[in-house]
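Undergrad: I am attaching a structure below and will ask some questions about it afterwards.
Bear in mind that the values in this text are calculations on the coordinates, not laboratory data. Predicted model, so just to flag it, every value in this text is computed and none were measured. We place every Cβ from the backbone using ideal geometry, glycine too, and count neighbours over all the protein chains shown.
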Amino acid sequence: MLGAIPTEELIKETAKKVFFQQGHLKATTQEIADAAGVNRALIHYYFRSRNLLFDKVLQEAMSGFMHKVLSVLEAEVPFKEKIKVFIQTFIGISAEFPYLQNFIVTEMVKQPEKMTVFHPQHLDEVAKKLNEELAQEIKNNTVAPTTLEHFIVNIMSLCSYPFIAQPIIQTIFSLNQATYQEFLQERKEIIFKIIFKEKS
């Protein structure tokens, strides 16, 4: 069929949704095959096992996440605009695949060697430029004095926690899925204002 997704890619994309969008950690090859509309034997043909398929889609998801984030941070745009897009991108990816961060943290604890995906060779160059831009913002009094490490971790923490603690947040504040999604969209602007000391 013209324009059809190759079977191998279809299986990977389906597994990605099952694992990271639906949070079905223990999904079997049969369940993934059913969701993809393919024979289970094809999963074994392309990936040999469910665990190897999981490792493959997790590695690609982590690499894709890092690529998108770095693309934003490398952009030749004003620092505040760059950080605004960074926040929007981080929350956007997390909203699409709400269980991805939990999977990443869990896997990193079990297999720390996979952390290399989060430190590409040119990351130090990106950090150097960001540090210079941050220093200028501090000088302009738009950001409280801090280091780049704390600045980035603060943003990531503010972006990540609503996803990691989703059940707790929804329960405490009586948010259904629709109002929780509205809450996430509001976070984008709120985080930006917190980081840059802007008034509402």
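Undergrad: If you put +1 on each Lys and Arg Cβ and -1 on each Asp and Glu Cβ, how big is the dipole of region 69-171 around its Cα centre, in Debye rounded to 20?
TA: Working: 8 positive and 12 negative charges, 47 e Å.
With only Lys, Arg, Asp and Glu charged at Cβ, the dipole is about 220 debye.
Undergrad: Along Cα→Cβ, 7 Å out, is where each label goes; now give me the distance between the ones at VAL153 and LYS188 in nm to one decimal.
TA: About 2.8 nm, to one decimal.
Undergrad: Under a point spin-label approximation (7 Å from Cα along Cα-to-Cβ), what is the GLU60-LYS197 distance to one decimal in nm?
TA: A separation of 4.6 nm, rounded to one decimal place.
Undergrad: For the chain, find the longest principal axis of its Cα atoms and tell me its angle to the long axis of helix 79-96, 0 to 90°, nearest 10.
TA: 30
Undergrad: DSSP loop GluC sites (Glu not before Pro) in region 102-200 with at most 13 other Cβ atoms within 10 Å of their Cβ, which ones?
TA: Details: sites: GLU107, GLU113, GLU125, GLU132, GLU133, GLU137, GLU149, GLU182, GLU186, GLU189, GLU198; in loops: GLU198.
Qualifying residues, ordered by number: GLU198.
Undergrad: Now for a separate question. Extending each Cα 7 Å along its Cβ direction at ASN141 and GLU76, get the distance between those two points in nm, one decimal.
TA: In this crude label model, ASN141 to GLU76 measures out at 3.2 nm.
Undergrad: Given the options ILE172, TYR45, LEU148, identify the residue whose Cα lies farthest towards the positive end of the charge dipole of the chain (+1 on Cβ of Lys, Arg; -1 on Cβ of Asp, Glu).
TA: ILE172
Undergrad: Please work out whether region 60-195 counts as rounded, prolate or oblate from its C-alpha gyration tensor, where a ≥ b ≥ c are the square roots of the eigenvalues and a/c under 1.5 means rounded, while otherwise a/b larger than b/c means prolate and anything else oblate?
TA: Because a/c hits 1.5 or more and a/b fails to exceed b/c, region 60-195 counts as oblate.
Undergrad: What FRET efficiency comes out for SER174 versus ASN102 if R0 is 30 angstrom and r is the Cβ-Cβ distance? Round to the nearest 0.05.
TA: 0.85
Undergrad: Counting other beta carbons within 10 Å of each Cβ, put THR106, THR89 in order, fewest first. It would help to have the intermediate numbers written out before the result.
TA: Details: THR106 12, THR89 18.
Least crowded to most crowded, the residues run THR106, THR89.
Undergrad: Let me ask something else. Kindly put SER174, SER157 in sequence by how many other C-beta atoms sit within 10 Å of each C-beta, fewest to most. Mind showing how you got there, number by number?
TA: Working: SER174 7, SER157 11.
By the 10 Å Cβ count, ascending, the order reads SER174, SER157.
Undergrad: Under the Karplus relation 6.51 cos²θ - 1.76 cosθ + 1.60, θ = phi - 60°, what is the ordered set of whole-Hz ³J(HN,Hα) values for region 141-153, x standing for Gly and Pro?
TA: Karplus-based 3J(HN,Hα) across region 141-153 equals 6, 9, 9, 5, x, 6, 9, 4, 4, 5, 4, 5, 5 Hz.
Undergrad: Between LEU25 and LYS110, what length in nm is gained on full extension when 0.36 nm per residue of separation is reduced by their alpha carbon distance?
TA: Between LEU25 and LYS110, full extension yields 29.1 nm more.
Undergrad: OK, next. Quick check on my link table: of LYS16/LYS82; LYS82/LYS139; LYS16/LYS68; LYS17/LYS80; LYS84/LYS139, which ones sit more than 22 Å apart, alpha carbon to alpha carbon? Show your work: numbers first, answer last.
TA: Working: LYS16/LYS82 28 Å; LYS82/LYS139 18 Å; LYS16/LYS68 17 Å; LYS17/LYS80 32 Å; LYS84/LYS139 19 Å.
Distance filter (> 22 Å) returns LYS16/LYS82; LYS17/LYS80.
Undergrad: So, one more: LEU123: net charge of surrounding residues, Cβ under 12 Å, Lys/Arg +1, Asp/Glu -1, itself excluded? Could you put the intermediate results ahead of the total?
TA: Values: positive: LYS128, LYS129; negative: GLU74, ASP124, GLU125.
Around LEU123, the charge tally is -1.
Undergrad: Give the residue list of chymotrypsin sites (Phe, Trp or Tyr not before Pro) in region 123-200 that are DSSP loop and have at most 11 other beta-carbon atoms within 10 angstrom. Intermediate results must be reported in sequence, preceding the final value.
TA: Working: sites: PHE151, PHE163, PHE173, TYR180, PHE183, PHE192, PHE196; in loops: PHE173, PHE196.
Filter output for region 123-200: PHE173.
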